[in-house]
Amino acid sequence: MLKFILFLLPIFLYGTQDMYKMGKNLYFAKGCNGCHGISASGTNLYPALAYRRKPFLISKLKSYRAKQGTTQQSQLMIPFAMELSDKEIDAITTFLSDYNENKSNYKPDLSTRGDGGS
């Protein structure tokens, strides 16, 4: 059994890396960086997304894709999320939750603000 697990581990890790790269590419291609920043650290108007829990991010994106925004600001996400497939949501949320880019680029907004409607 242990040999089987050790055999599958590199395959799983490689697949996760591919999903991470796909998510990173989608984050920039879909324009997420325009509001949430190039390091996904948020701005004074939009929430930080890097290091958020994956189930939370998936839930939010799927709600937005279903045209369910709870605040006026969160409703801005609906047109962006409507275009996303389940695989794309999985990739983007993998990138954000496992964020491991150059940490010197990560500059969280420390000002007092709400959660940006997320």
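Read-outs: derived from the displayed coordinates by stated rules, not from any lab. Keep in mind that what you see is a predicted model, and the values were worked out from it rather than measured. Note that each Cβ is placed from the backbone with ideal geometry, even for glycine, and that neighbours are counted across all protein chains shown.
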Hits in the stretch 46-93 - residues which are of a type in the set (S, T, Y), in contact (Cβ under 8 Å) with a residue 24 or more places away in the chain and surrounded by 14 or more Cβ atoms within 10 Å (Cβ to Cβ): Y46, Y51, S74, T93
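For residues that are hydrophobic (A, V, I, L, M, F, W, C) and in a loop (DSSP other than H, G, I, E, B), tally how many sit in the stretch 28-84. Steps first, please.
Filtering the stretch 28-84 down to residues hydrophobic (A, V, I, L, M, F, W, C) leaves 28-29, 32, 35, 38, 40, 45, 48-50, 56-58, 61, 66, 76-78, 80-82, 84.
Narrowing the set further to residues that are in a loop (DSSP other than H, G, I, E, B) leaves 32, 38, 40, 45, 48-50, 66, 84.
Total satisfying the criteria: 9.
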